[in-house]
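Take a look at the structure set out below.
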Amino acid sequence: MILFLLPIRIEIQMRILAHLTFPGLLFLTALLLGLSCKRDKGSRSEDQLFTLMPESYTGAGFVNHLDYDEQLKKKFNIYTYRNFYNGGGVALGDVNNDGLMDIFLSSNMGPNVLYLNKGDFKFEDISERAGISGKGEWSTGSSLADVNGDGWCDIYVCNSGNVEGDERLNELYINNGDLTFTESAADYGIDDHGYSTHGPSSIMIATATWISIYLITHSKPSEALISLQTSAW
């Protein structure tokens, strides 16, 4: 088997295999297993930078699932929407001011999810209680920042996709300070419907008491939504 990893012609490899004795095959098998074990050991070396934390431990098992049957039913797929596989969005922020980074994940075809950091890499899904699942049919990017300057982290969600009407309006979830949120994008004048995309979808810029958003879109020019005060856009 190891011969096929060598940069030599396939005909030569077959000739070598044909002349190998049984002890020779055993030797090659042992050598291959030894190399495999060596690679496994190296991947778990002490100088590695990251450790994969399983869902069974963290409790964070979000999946951005794309339903093929639903795509066919709505005639909404890669053929009708070129950015179909751009993916969702992720944003980090401390929504309850406990000093731990919480995780917000936006979903293309499903509800958005907010994971509350409980410490020690354990998270709790508080999406339903928080009221941030989303009204849009195709959420893309997201950002967390204190939009209204009240000391609590708010959530801005971009919606896009080949959909009609209000289902493509961006959403702003204002933090109520009790792990619940109120959707208020229209009140702040930032319920944009211009095919906002992700990566990043929006950049919250804070200077003094001013909060601004630079919104990246596709199919139309990107735009800056500028606030002269934290409560007016």
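Before moving on, here are some points about what is shown:
- The set of residues from the range 115-133 being buried (at least 20 other Cβ atoms within 10 Å of the Cβ) and out of contact with any Ser or Thr (no Cβ under 7 Å at 6 or more places or on another chain) comprises 115, 116, 117, 132.
- Selection within the range 55-77 - open to solvent by 70 Å² or more (accessible area, probe 1.4 Å), at pLDDT 80 or above and either assigned to a loop (DSSP other than H, G, I, E, B) or polar (S, T, N, Q) (or both): 56, 63, 65
- Just one of the listed residues (150, 154) is open to solvent by less than 10 Å² (accessible area, probe 1.4 Å) and at pLDDT 90 or above, namely 154.
- Listing of strands (runs of 3 or more DSSP E) fully contained in the range 164-209 that carry 1 or more residues being exposed (fewer than 13 other Cβ atoms within 10 Å of the Cβ) and modelled with pLDDT under 70: 202-207
- Residue count, the range 101-127 (criterion: within 15 Å of residue 64 (Cβ to Cβ) and part of a loop (DSSP other than H, G, I, E, B)): 6
- Odd one out for residue 115 among (1) under 17 Å from residue 159 (Cα atoms); (2) in contact (Cβ under 8 Å) with a residue 40 or more places away in the chain; (3) not acidic (Asp, Glu): (1)
- Failed item in (1) open to solvent by less than 10 Å² (accessible area, probe 1.4 Å); (2) among the β-branched types (Val, Ile, Thr); (3) in a strand (DSSP E or B), with residue 90 passing the rest: (1)
The values are calculated or read from the model by the stated rules, or taken from the named source; none is laboratory data. Quantities reported herein were computed from a predicted structural model and do not represent experimental measurements. Cβ atoms come from the backbone with ideal geometry, glycine included; neighbour counts cover every protein chain shown. We work out accessible area using only protein heavy atoms, side chains counted, and drop any ligands, DNA or RNA first. Shrake-Rupley method; radii C 1.70, N 1.55, O 1.52, S 1.80 Å.
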